[in-house]
Amino acid sequence: MAKSDYDGVSEQARASRHRLDDARALFNLVRWRGSMYMAGYSVECLLKTKLMRMFGCLNLRDLEAELRARGVMAAHDTIFTHQLEVLLRLTNGLDRLRQDLALWRAFNLANRWIPAWRYSSERSDREEAEAFLEAVERVLKWVEFNL
C-alpha cells in the first residue's frame, strides 16, 4: 500500500475513529497494552487530520511541504512523526490546552504513548489501561472541538 492510500485527510479522520474503536474493543477483551497502543494512534491521526485541515492540505506529504515552506517545520523534521506533543505544537494548541490543569494532566498521560508498544511483550493492567483510555478520550474531545 502506497503512502497516498492512507495519508489523506478523510483517511486520517476515519483512522482516528477506528483506532479508538479498536482500543475499546481490545480493552473489553482484556488486552490492556494493545488497547493503549491503539488509543495513542487515535490521537496521532486526529492531530494530523486537524493539521491538514488548518493548512488546507489534502495529504500528509503536502502538509509537510506546506509547513516547511512556512518555516513552521525544519527541513530535517517530518510530519510522519509519532510524537503527540510535536503534532500538538504544530497546531498552536499546546498553550491553550495547558490552561486547563486537568486537561493538561490528561494530555501528559496520553503523551506517554509510544509506538514501540507494538513490539513489547510487556503487559499492562486494567487500571493503567483504563486511565490511559480516559485521558485519550478527553484529549480527543478537546482536539476535536478546539482545533
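Every read-out reported here was derived from the displayed coordinates using simple, explicitly stated rules and does not represent laboratory data. In this text, all values refer to a predicted model and were calculated from it rather than measured experimentally. All Cβ positions, even for glycine, are placed from backbone atoms using ideal geometry, and neighbour counts span all protein chains on display.
The set of residues in region 109-122 that are touching a residue at least 24 places away in the same chain (Cβ under 8 Å), more than 14 Å from residue 137 (Cβ to Cβ) and not aromatic (Phe, Trp, Tyr) comprises 111, 114, 115, 118, 120, 122. The requirement of being acidic (Asp, Glu) and under 15 Å from residue 144 (Cα atoms) is fulfilled nowhere in region 53-62; no residue meets it. The set of residues from region 16-52 being over 23 Å from residue 62 (Cα atoms) and among the hydrophobic types (A, V, I, L, M, F, W, C) comprises 20, 23, 25, 26, 27, 29, 30, 32, 36, 38, 39.
Taking region 90-117 as the range and being within 12 Å of the chain's Cα centre (by Cα) and of a type in the set (D, E, K, R) as the test, only 112 passes.
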